[in-house]
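**Student:** The structure follows.
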Amino acid sequence: MKKQFMTPLIIFGLLVVLLVVGLMKAKSVRDVPSPLIGKAVPEFSIPTVEDQEKVFSNKDLKGQVSLLNIWASWCVSCRAEHRLLNLIAGQGIKIYGINYKDELSDARRWLSAYGNPYVKSAHDITGRAGIDWGVYGTPETFVIDKKGMIRYKHTGPVYQQDIDEKMLPMIKQLQAES
Amino acid sequence: MLSTTMKKNLASRILALNSIVFFILCLLPLHLQAGPRGQPKEPIVFENPQVESDYLELSEELRCLVCQNQNLIDSNAELADDLRREVAKMLKKGNNKEQVIEFMVERYGDFILYNPAFKAQTLLLWVGPFVLMFFGIFILLKKIRADKEEKNTDSSALSEQEKEKLYAILKNK
């Protein structure tokens, strides 16, 4: 073939490769990478859903490996993952909650209806703590190590696969850290 | 088996039922829709025009993370509203624009910026279009030059031999 036909063909080929790579990556585009990974949990101190006299603060997240789950009664996908959270909480995994922009009565009703997997949940009615946690779509789940550092973030509902393949191995590994 | 008229009848009944259900749904109060709750919102008011213009600029530069192709000022999303308020609050407290941007990037990453920072990761993004443009101009110039050269050595012009031949023919006439 003549060289003058080859050039556009090569350019076209490169373009196809570029677009295919872009399409393959498109699946993960919605997952905004969190700049919080590897950093200490943001400071907060908020009355809990269970008891407004008590507070849940960032200090509670030190000294153990835990999950922190952002949830709300109005959030449909939160309901989808709730059964799994109950399940792993039953297996002894500590899950803390931040109840994001929810009415207290709704949040309480939700917990009594579907079960409460949380050690405690902060009642973040204004969503201000949510901003500090970089929340942009509930549910979101963070893995937090013993030092109170954020090690992993999962956006969207947690599925069995996420727990088995990502979170549980990570929790085990972090528990082994001193 | 149903006759055609019966089928038609049934179809129109289903249609009527659907419209009734739809009508009832319309009557339901809007606040039954799923969505975040919170206190009623007050409009954002500025006393200082400089702060206001900073606010407007930032709201255009920052991306709404829920509806990812909108900036904060375009978006109706709850989170966009919260972030606009946060921007306004910070500016009113005397923070400058850079501090607000830093605050947002710390929490949401570079993705929140519609004007991404110039660094190794974003090099291709910034430089790519110019590289392509210069490449295009280079090809174009090369092609123009090649065409010109071809014109200078015009193949339709007669060679010396041909000229002699031509004169010979003309003389013989």
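**Student:** How much of the DSSP beta bridge set in chain A is antiparallel, as a percent to the nearest 5?
**Tutor:** Looking only at bridges with both residues in chain A, the antiparallel portion is about 60 percent.
**Student:** So which lysines pass the test for A:K166, namely a Cα distance under 30 Å, with those fewer than 8 places away in the same chain ruled out?
**Tutor:** Correct list for A:K166: A:K25, A:K27, A:K39, A:K59, A:K62, A:K94, A:K101, A:K120, A:K146, A:K147, A:K153.
**Student:** Just to verify a number: FRET efficiency for A:L18 and B:E149, C-beta to C-beta distance, R0 = 22 Å, to 0.05?
**Tutor:** 0.05
**Student:** Compare A:W133, A:W71, A:W110 in a GNM of chain A, Cα atoms joined below 10 Å, and give the one with the largest fluctuation.
**Tutor:** Looking only at A:W133, A:W71, A:W110, the largest GNM fluctuation is found for A:W110.
**Student:** Which peptide among B:140-151, A:138-149 comes first, and what is the full order, when sorted by highest mean count of other Cβ atoms within 10 Å?
**Tutor:** A:138-149, B:140-151
**Student:** Among A:119-126, A:82-89, what's the highest-first ranking by average C-beta atoms within 10 angstrom per residue?
**Tutor:** Result, highest mean first: A:119-126, A:82-89.
**Student:** Cut-off is 10 Å between beta-carbons; in what order do B:E42, B:E60 appear when sorted fewest neighbours first?
**Tutor:** B:E42, B:E60
**Student:** So, in Å, what gap is there between the alpha-carbon centers of the range B:47-111 and the range A:143-178?
**Tutor:** 31 Å
**Student:** A further question on this structure: Please report the Cα spread of chain A along all three principal axes, rounded to whole Å, starting with the longest.
**Tutor:** For chain A, the Cα extents along the three principal axes come out at 81, 38, 29 Å.
**Student:** Determine the dipole magnitude for the range B:53-173: charges of +1 sit on the beta-carbon of Lys and Arg, -1 on that of Asp and Glu, nothing else is charged, the reference point is the Cα centre, and the result goes in debye to the nearest 20.
**Tutor:** Once rounded to the nearest 20, the dipole reads 700 debye.
**Student:** Go through the range B:85-145 and name the chymotrypsin sites (Phe, Trp or Tyr not before Pro) that are in a DSSP coil and have 15 or fewer other Cβ atoms within 10 Å of their Cβ.
**Tutor:** Loop-located and lightly packed - B:Y114, B:F118.
**Student:** Could you work out, residue by residue across A:121-134, how many beta carbons of other chains sit within 10 Å of that residue's beta carbon, and then give the average as an integer?
**Tutor:** 3
**Student:** Let me ask something else about it. If you take the charge dipole of the range B:49-117 about its Cα centre, with +1 on Lys and Arg Cβ and -1 on Asp and Glu Cβ, which of B:N71, B:P49, B:I112 is farthest toward its positive end?
**Tutor:** B:P49
**Student:** How well do other chains shield peptide B:111-123, expressed as the mean number of their Cβ atoms within 10 Å of each residue Cβ?
**Tutor:** 1
**Student:** Quote the FRET efficiency, to the nearest 0.05, computed for A:Q52 versus A:D162 with a Förster distance R0 of 30 Å and r equal to the Cβ-Cβ distance.
**Tutor:** Between A:Q52 and A:D162 the formula returns 0.40.
**Student:** I'd like to compare B:45-57, A:94-106: which one has the highest average count of other Cβ atoms within 10 Å, and what's the full order after that?
**Tutor:** A:94-106, B:45-57
**Student:** Under 1.5 on a/c is rounded, so check that first for the range A:132-178, then, if it is not, pick prolate when a/b is larger than b/c and oblate when it is not; a ≥ b ≥ c are the square roots of the alpha carbon gyration tensor eigenvalues.
**Tutor:** Oblate, since a/c reaches 1.5 and b/c is not below a/b.
**Student:** Next up: Enter the mean number of other protein chain beta carbons within 10 Å of the beta carbon of each residue in B:60-70, as an integer.
**Tutor:** Going residue by residue through B:60-70 and averaging, the value is 1.
**Student:** Right, next: Using only the alpha-carbon atoms of the protein assembly as shown, report the extent along each of the three principal axes, biggest first, to the nearest angstrom.
**Tutor:** Principal extents (Cα only, largest first): 121, 76, 54 Å.
**Student:** When a/c is below 1.5 the answer is rounded, else prolate if a/b is larger than b/c, else oblate, so apply that to the range B:121-172 with a ≥ b ≥ c taken from the square roots of the Cα gyration tensor eigenvalues.
**Tutor:** It comes out prolate by the Cα gyration axes.
**Student:** Indicate, rounded to the nearest 5 percent, the antiparallel portion of the DSSP beta bridges found entirely in the protein assembly as shown.
**Tutor:** 65 percent
The numbers here are math on the coordinates, done by the rules we state, and not lab data. Keep in mind that this is a model prediction, so the values were computed, not measured. A quick note on method: Cβ atoms are made from the backbone with ideal geometry, for glycine too, and the neighbour counts reach across all protein chains shown.
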